[in-house]
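To start, the structure itself, in structure tokens.
The values are calculated or read from the model by the stated rules, or taken from the named source; none is laboratory data. Being a predicted model, the structure only gives us computed values, none of them experimental. So basically every Cβ, Gly included, is an ideal-geometry build from the backbone, and we count neighbours across all protein chains shown. Ligands, DNA and RNA are stripped out before the accessible areas are found, and what is left, the full protein with its side chains, is counted by its heavy atoms. Shrake-Rupley method; radii C 1.70, N 1.55, O 1.52, S 1.80 Å.
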Amino acid sequence: MTEPVLAIEGLRKAFGAVVATDNVSLTVQPGELHALIGPNGAGKSTLITQICGELAPNAGRIVFAGRDITALPAYARARLGLGRSFQLTQLCPEFSARDNVMLSIEAKGGGSFNMFANPRRNTRLRDAAQDWLDRVGLTGKEDRAVMTLGHGEQRQLEIAVALARDPQLLLLDEPMAGMGPEESAALTRLLSELKGRYAILLVEHDMDAVFTLADRVSVLVYGRVIFTGTVAEVRAHPDVRAAYLGGDAPC
Ligand code: ADP
Ligand code: MG
């Protein structure tokens, strides 16, 4: 078996009496889209924040690209290629979509942003930013200030900003929250294009999206992974249906 991009081993995080992460182990393989589902309060976001380094676990290990990153701060993990989008929006609202992507490309090298050079005159940088904007479906919106973009467009831009840093793993925490059906369908299409090329850990309530996109699904209930398997296995698993899917209800 190939070495996983991400391996979480025996992770635990308690908030007082609430064990939000209870001995969680899971892996994300290169190019895999691994979905993490579970009811509200199951500990999905808590897991994501520990992976990206905003929250320290009480026990366990997080291994990224073969390296133990459990003790590394968030910025060092980002530099190693851990890309996070959503619920940590780092877009500059007054800047254009293109400027945001250009800043992200510039930041990739480790914050070597040169204040005295005008990046808007750098055509290579501009073209590279345009490429990412085209790939996420923002062609024609390049010059719009972020705050004038729609909700779904901002999510698309966040993905462009994350990808512009050339991540090895993308962490997405409910990217479809607040989106209408058309926006969700567009984002599902984008993620299906990206999977295979990027390892993606996707937390999502939209079961249509999860069942369309996921290579594997892990089900988290009360902080514990109760099952990991393919979409077909997860759909058929009686414990998963009882504990989470509740028949056809998504959550
Ligand atoms: P999910 O994202 O699956 O909805 P969360 O990870 O947000 O779940 O929360 C898991 C549990 O941990 C919940 O019971 C929540 O109330 C609790 N929790 C999350 N963050 C904190 C915190 N900073 N302080 C105390 N309790 C928290
Ligand atoms: Mg959450």
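Numbers below:
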item: Shape metrics for the chain, restricted to C-alpha atoms - Rg then Dmax, Å; result: 18.4, 61
item: In range of the label at Glu3: residues from region 44-66 whose backbone nitrogen is under 14 Å from the point 7 Å along Cα→Cβ; result: 63-66
item: With DNA, RNA and ligands ignored, accessible area of Ser184 (1.4 Å probe; Å², nearest 10); result: 10 Å²
item: Partners for Lys44 among lysines (Cα-Cα distance below 16 Å; same-chain residues under 8 apart left out); result: Lys13
item: Calculated FRET value between Asp68 and Thr148, using beta carbons and R₀ = 35 Å, to 0.05; result: 0.25
item: Residue-span extension gain [Asp166 to Ser25] - 0.36 nm each, minus C-alpha spacing; result: 48.2 nm
item: Label point distance in nm, Glu182-Thr212, each placed 7 Å from Cα along Cα→Cβ; result: 1.5 nm
item: Extension gain from Ala59 to Arg241, taking 0.36 nm per residue of separation minus the Cα-Cα distance; result: 62.6 nm
